[in-house]
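Single-structure report; data block below.
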Amino acid sequence: MDNAFYVTTPIYYVNASPHIGHAYTTIIADVMARYHRLAGCRTFFSTGTDEHGDKIAEAAQKGNVTPQDYADRISVQFRDLWPKLAITNDIFIRTTDENHVETVTGILRKVHDAGDIYFGQYEGFYCVGCERFYMEKELVDGCCPDHQTKPEYRKESNYFFRMSKYQDWLIGYIKDHPDFIRPERYKNEVLAFLREPLEDLCISRPKTRLTWGVTLPFDENYVTYVWFDALINYITVLGYPDGENFRAFWPFAQHLIAKDILKPHGIYWPTMLKAAGIEPYRHLNVHGYWTVDQSKMSKSLGNVIKPLDLKDKYGLDAFRYFLLRDMVFGLDSSFSEEAFVQRVNSDLANDLGNLVSRTMTMAVKNSGGTVVCGDAAVEKDRCLEEAATGAVSEVANGFQELAFHKALIAIWELINRTNKYIVEEEPWNLAKAPENKARLDTVIYNLLESLRIIAILISPFMPGTSEKIMAQLGIADVSGQNLESARRWGGLHEGNVLKRGEALFPRVEFKKEEKTSVPEKKMTPVKPEISYEDFDKIDLRVAEILEAQYVPKSKKLVKLKIDMGQERQIVAGIAEHYKPEDLVGKKVVVLCNLKPTKLMGVESNGMLLATDTDGAGLTLIGFDRTPEKGAKVR
Ligand code: ME8
């Protein structure tokens, strides 16, 4: 492990209040930062809010307040939330901070002086939601592929960053540094994007249209495009260019984001850094999306999960544990309160909670309340010791691979091994015969020592629970309880005063009617009646998917080769719901006499049938028996 570590979260837009998605990224960053501190690594962790641009200006206008007032009001919600989730960020940046505006101005000047910013004409379709221009071929049915809204047509003179100049360099850099963007699927997504010619990036907005932004240092009639401004936050917080923190931490920078903002981080940012003469960041770590009971979270569906609601209901550490245990980093996950409650009861109340409470009861009863070291270890004790050292290494591997769920599984294996040790050693029987006292002391010492190591390993994930276990073990000063000491069995001192505590995780009951967020089910209105003849015009057939691949530059579209007795190509908007490799071999229903069309420039001859029960979460229509390819569907 390096001796320095710098982790960042995205700076969140101030147009919406924090939800479970923001909490997830920030908690992972916190877990990573805490783990690196535990390993004795010098660590810097930054988060903050992104406050300029069209989106914020529009939201402020709707709320009838100034953009600054609006940004102040929402930014504070993020700032105040983080301590409540035990987030240990070193800095909270706002893009309206004076030092950030100075850094952005400095970078713009540098890149402009180097000749990489030029003035030009631009016309195109602009989506305010994405804060970017779209080419016509990128639109789906004339709408933004992400927001499904019609973009505005804009014709403007603007400043452009010569991003295209750095395309070959970026491809080479990504290929030479295979873990620059991870997990691999996101690296491949960026490389796929870079297979097409890269356009220059429009980095200004005329003040006639938008004044809420950083004024360009070389033309006061323009403000800076929000992404060019926001990405620079990652070096502002380190005091770029002269700050000691910049020298110490930038070479170790790791950005954490979700897949929604892969392109600005995977393409704009490295090319901006290159143009400004700054080394690229070390890693871009990209995670998937939380949905709720299989549906996309949205205000209109009323299913937005607020982190504090869950924290208040089930406790902070249970919330942090669940988020990291239930999502595989890089993949999407569907949040279900029922699954959350199950985890609290099985992993936390049963496995960990019971282990701590049984061990402490036996230990206090046996020794009158202090730690006693006991006899020399026997084979069975060494097995437990090996399980503990093994867990420390497995946790390290989990962090290395960003497989936080695997790190937790490794800790839970140690918890379960320790519970098994109790069953095997039967301390209650040893306690019955005075001649077994030394053995009993050894068994109890081993249990307590295992608890100490468990408490160290869970501390990045569940800091409060770790502290409670340490307090029960009589460890008042936890500063020495680090990864190094977790690797050395026997670190618990004789004579420590044990203190039994309350149950760590009381069992909870899941009540459907008290669910934190219940999406309103809205029935889509039934369409007007049609005649049998009308229906007969619809030709539905069974088809098998032979090949599937993402349509470049589209988040939603997958290109499919299907066999319905004859082969044909269809483009379907299911990329967010199915991975191409999972589609191959599926038997599906195809509307095959739909007029051919082009989606993002790719020809589509038909339509797949799927259900979208609650406004998101598509499920393909399938069969309970295997039908013939080409069979008519009636
Ligand atoms: O994009 N699941 O801000 P933003 C998981 N200001 N993570 C989620 C999520 C979900 N459903 N929803 C949001 C911006 N996130 C820009 C960033 S950085 C220089 C500028 C998390 O408020 C995730 O980290 O839209 C995602 O990338 C981020 O919030 C987007 O936050």
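Where a number appears in this text, it was derived from the coordinates with a stated rule and is not lab data. All of these numbers come straight from a predicted model, not from anything done at the bench. All Cβ positions, glycine included, derive from the backbone under ideal geometry; neighbour counts span all protein chains shown.
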Antiparallel content of DSSP bridges confined to the chain, in %, to 5
65 percent
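Using mean Cβ contacts within 10 Å as the protection proxy, how do 539-548, 585-594, 417-426 order, highest first?
Details: 539-548: 19.4, 585-594: 17.9, 417-426: 16.2.
Going by the mean number of other Cβ atoms within 10 Å, highest first, we get 539-548, 585-594, 417-426.
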Trypsin sites (Lys or Arg not before Pro) within the stretch 452-496, DSSP loop, no more than 11 other Cβ atoms inside 10 Å:
488
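Give the order of 295, 164 when sorted by the count of other beta carbons within 10 angstrom, beginning with the fewest. If you can, show how the numbers build up before the last one.
Details: 295 18, 164 14.
In order of increasing Cβ crowding within 10 Å: 164, 295.
Using 0.36 nm per residue, how much length does the chain from residue 436 to residue 195 gain when fully extended, once their Cα-Cα distance is taken away? Could you put the intermediate results ahead of the total?
Numbers: separation 241, 0.36 × 241 = 86.76 nm, distance 7.20 nm.
Using 0.36 nm per residue and subtracting the Cα-Cα distance, I get 79.6 nm.
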Here the stretch 159-169 yields Karplus 3J(HN,Hα) values (6.51, -1.76, 1.60; θ = phi - 60°; whole Hz; Gly and Pro given as x) of 9, 10, 9, 6, 5, 4, 4, 9, 4, 5, 4
Report the FRET efficiency, 1/(1 + (r/R0)^6), for residue 137 and residue 84, where r is their Cβ-Cβ distance and R0 is 45 Å, rounded to 0.05.
0.45
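Run through the stretch 258-365 and list the trypsin sites (Lys or Arg not before Pro) located in a DSSP loop whose Cβ has at most 13 other Cβ atoms within 10 Å.
Values: sites: 259, 274, 282, 296, 299, 311, 313, 320, 325, 343, 358, 365; in loops: 282, 296, 299.
Those that pass, being in a loop and sparsely packed, are 299.
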Assigning unit charges at the beta carbon (Lys, Arg +1; Asp, Glu -1) and nothing else, what dipole magnitude in debye, to the nearest 20, does the chain show about its Cα centre?
620 debye
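Tell me whether the chain comes out rounded, prolate or oblate; compute the Cα gyration tensor, take square roots of the eigenvalues as a ≥ b ≥ c, and use a/c under 1.5 as the rounded threshold.
Working: a/c = 2.19, a/b = 1.43, b/c = 1.53.
Oblate, because a/c is 1.5 or more while a/b does not exceed b/c.
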Do any cysteines in the chain lack another Cys Cβ under 4.7 Å, and if so which?
41, 143, 202, 373, 383, 592
Could you state the number of Å between the C-alpha centres of the stretch 317-344 and the stretch 424-444?
39 Å
Taking amide H positions as placed in the peptide plane 1.01 Å from N, state which residues far from residue 516 in sequence (5 or more) or on other chains have amide H under 5 Å from it.
none
When the Karplus curve 6.51 cos²θ - 1.76 cosθ + 1.60 is applied with θ = phi - 60°, which whole-Hz ³J(HN,Hα) does each residue of the stretch 32-37 get, with x for Gly and Pro?
5, 5, 4, 5, 5, 5
Any residue on another chain or 5+ positions along whose placed amide H is under 5 Å from the amide H of residue 597 is listed here as 604, 606
Taking amide H positions as placed 1.01 Å from N in the peptide plane, with prolines and chain starts having none, which residues 5 or more places from residue 291, or on another chain, fall under 5 Å of its amide H?
333, 334, 335
Cross-link reach list, aspartates and glutamates versus residue 365, counting only Cα pairs under 20 Å and skipping chain neighbours closer than eight places:
375, 424, 425, 426, 435, 441, 449, 494, 502
Using alpha carbons only, how many degrees (0 to 90, rounded to 10) separate the axis of helix 379-401 from the longest principal axis of the chain?
20 degrees
Run the numbers for residue 507 and residue 595: contour at 0.36 nm per residue of separation, minus the present Cα-Cα distance, in nm.
26.0 nm
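Estimate the FRET efficiency between residue 42 and residue 179 by the formula 1/(1 + (r/R0)^6), using the beta-carbon distance for r and 25 Å for R0, to the nearest 0.05. All intermediate terms of the calculation are to be shown ahead of the outcome.
On the way: r = 21 Å, r/R0 = 0.86.
Approximately 0.70, to the nearest 0.05.
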I want the local charge near residue 504. Using Cβ-Cβ distances under 13 Å, sum +1 for each Lys or Arg and -1 for each Asp or Glu among the other residues.
-1
Which shape class applies to the stretch 133-198: rounded if a/c is under 1.5, otherwise prolate when a/b exceeds b/c and oblate if not, where a ≥ b ≥ c are the square roots of the Cα gyration tensor eigenvalues?
oblate
